[in-house]
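What follows is calculated from the coordinates using simple rules that are stated; it is not laboratory data. What you are looking at is a predicted structure, and each value in this text was computed from that prediction instead of being measured. Virtual Cβ from ideal backbone geometry, glycine too; neighbours counted across all protein chains shown.
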Amino acid sequence: MCKFFLLFLIFFANNFLFAQVNIEISKIRIALNEPFSIQIESVGEPIKTYSAFPEINGFKKLKNIQKAEIGDGTGEGTKKYIVIQQYHPKTKGNFLLPSFQMNINDFTKKSESYTIIVGAKDKKKPDLEDLEEEEIKNTEYNVNADAFLGLNTDKNEIFVGESVYLYLALYISKENSAPMKFIELEKQLENIAKQLKPANAWEENFDITTIQATTVFVNGREYEQRKIFEGVYFPLNKNSFYFPALNIKVWTKNKIATNESEDEKNNFDNPAKRIEKIFTSLPKTVKVKELPPHPLRERVAVGEFVITEDYYEYKAQTGQNAKYYFRISGEGNLTAFSEPNLYAPKGLEFYPPTLQQYIIKGQGKVSGNVTFEYNVLPKQAGKYYFEDHFQWIYFNSKKLKYDTLKPKCTWEVSGINWQDKAISTTQKDFYARINQESRNFLDDNFRKNWQFTLQILIVSMFIGVVFLLYQSFFNS
């Protein structure tokens with residue numbers, strides 16, 4: 001009896017109190033030119049460790065893993081952390097994804113089996129890009145070397161606020177058969193990250209947790225690329241970025257016996273059979289230039305963005321609180337978004353918006369969306385065109401000019417007109433409070449309250465188990 005209670009206690013604590021991780025899959029009916037994805041999620045705690053994602057018959061498993069964060073933009077609410085593994089279908093047909101389990105932050109989660117149905121290509125969508133093999137053209141690399149350390153950026157010149165993607169990788173020629181192992185890589189990367197971050201930059205570190213080998217071509221020569229650092233930087237002023245020469249230390253071997261197994265070749269435990277080698281990258285400078293003159297150039301976001309709404313027509317009643325929200329999606333520094341300019345009509349009373357950020361880091365960019373949600377109190381009947389009252393100005397880094405996004409939604413309000421005097425101070429305070437609380441408020445507090453309740457329950461159960469053990473001991 002006591003053992004049963006103890007086992008139940010351990011199971012209960014592990015699965016309901018502490019475990020805040022989950023596995024999600026994308027839709028199982030896709031076109032041949034659509035990706036399939038599996039994502040793991042953690043609420044309140046970053047995903048620091050996770051086991052390998054499964055292989056799927058009939059799909060190519062991409063090596064570029066994406067990471068995402070969902071938050072309220074204030075840093076105060078509970079964040080959700082996501083790791084996304086994408087797969088590209090090779091052909092049409094039905095494919096089985098067997099049941100699998102993954103270790104996520106020392107917790108084990110199991111997913112049921114699914115059948116993925118791949119249909120014909122969707123003509124409205126582009127073909128999937130093969131991001132696994134790429135041609136790197138950089139004459140500064142010593143392409144005659146069997147191995148070298150390369151520091152690369154996707155741009156040599158950017159505007160203030162514009163992103164530059166940077167990665168540091170070790171390149172090993174296919175002709176190079178010498179095994180290599182990074183020496184205390186975590187400590188080396190910590191030092192490298194400090195050296196790379198410019199003082200005048202906002203940094204989005206991709207936090208590489210697993211070193212993967214990818215085939216690339218450098219000036220026509222085939223190499224195995226092992227990325228050890230990735231990040232995106234956004235300049236906060238016009239001072240150029242200077243990235244210094246960096247060192248990375250590895251263990252390698254000069255001689256390998258012909259009868260050695262793969263495990264023996266990659267074993268560096270014996271100091272007598274290993275040598276230390278240091279690879280050094282070349283420094284890199286990225287020029288930063290001012291944005292063109294504009295009254296808002298110190299505040300605008302820089303990148304490529306679009307605005308989306310879930311509906312374009314809405315009917316409301318005067319005196320009844322309603323919600324309106326839209327998303328701004330795209331590529332750029334989403335953490336630096338300012339609120340849209342609002343020119344509220346007399347018949348609608350808007351309260352300050354709450355924000356939700358969804359930020360994806362991966363495939364050489366930072367992208368995602370920011371949702372602005374407003375509480376609105378309709379006070380006068382009429383038709384309201386929101387494109388006349390909202391605008392969000394940004395600098396389009398592709399078109400090289402300032403651009404304005406406007407919503408297309410129309411509200412039709414009916415009912416008797418509300419006068420300002422009909423709204424009491426108490427009601428105003430009530431609506432104001434609604435806007436001050438993020439949409440995460442209820443979820444966050446519900447989780448915390450239940451966690452506290454469950455902790456009390458588990459402590460009570462533990463005391464009960466101790467009591468039963470005590471009785472069992474003295475009655476025996």
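Given the convex hull of the Cα atoms of the stretch 21-119, what is a quarter of its surface area in nm²? Please report the intermediate quantities before stating the final value.
Numbers: hull surface 26.2 nm².
The orientation-averaged projected area of the Cα hull of the stretch 21-119 comes to 6.6 nm².
For the pair residue 336/residue 236, report the inter-label distance in nm, with labels modelled 7 Å from Cα in the Cβ direction.
1.0 nm
Sort the following peptides by mean Cβ neighbour count (other Cβ atoms within 10 Å, averaged over residues), highest first: 149-161, 180-192. Intermediate results must be reported in sequence, preceding the final value.
On the way: 149-161: 18.0, 180-192: 14.0.
Packing proxy ranking, top to bottom: 149-161, 180-192.
Can you tell me the order of 324-330, 409-415 when each peptide is scored by its average per-residue count of other Cβ atoms within 10 angstrom, highest first? Spell out each step's value before the answer.
Values: 324-330: 19.7, 409-415: 16.4.
The packing order, highest mean first, is 324-330, 409-415.
Projecting each Cα onto the charge dipole of the stretch 310-416 (Lys/Arg +1, Asp/Glu -1 at the beta carbon, about the Cα centre), which of 329, 353, 384 comes out farthest on the positive side?
Result: 329, furthest along the dipole toward the positive end.
For the stretch 301-428, what does the relative contact order come out to in percent, with C-alpha contacts under 8 Å and a separation of six or more? If you can, show how the numbers build up before the last one.
On the way: 289 pairs, mean separation 43.4, N = 128.
Answer for the stretch 301-428 is 34 percent.
Below 8 Å, C-alpha to C-alpha, sequence gap of six or more: please give me the relative contact order for the stretch 331-378 in percent. Each step should come with its number before you reach the end.
Numbers: 62 pairs, mean separation 21.6, N = 48.
It rounds to 45 percent for the stretch 331-378.
Taking 10 °C and 1.306 mPa s as the conditions, I'd like the Stokes-Einstein D for the stretch 301-428 in µm²/s, using the Kirkwood hydrodynamic radius from alpha carbon pairs.
100 µm²/s
Quick one: which residues, 5+ away or cross-chain, put their amide H under 5 Å from the amide H of residue 349? H built at 1.01 Å from N.
Distant-sequence amide H within range of residue 349: 377, 379.
In whole angstrom, how far apart do the alpha carbon centroids of the stretch 172-210 and the stretch 22-74 sit?
Taking the Cα centre of each part, the stretch 172-210 and the stretch 22-74 sit 23 Å apart.
Calculate the spin-label point distance for residue 154 paired with residue 215, positioning each point 7 Å from the Cα along the beta-carbon direction, and give it in nanometres.
With each label placed 7 Å out from Cα toward Cβ, I get 2.4 nm.
How many nm separate the modelled label positions at residue 275 and residue 381, each set 7 Å beyond the Cα in the direction of the Cβ?
9.0 nm
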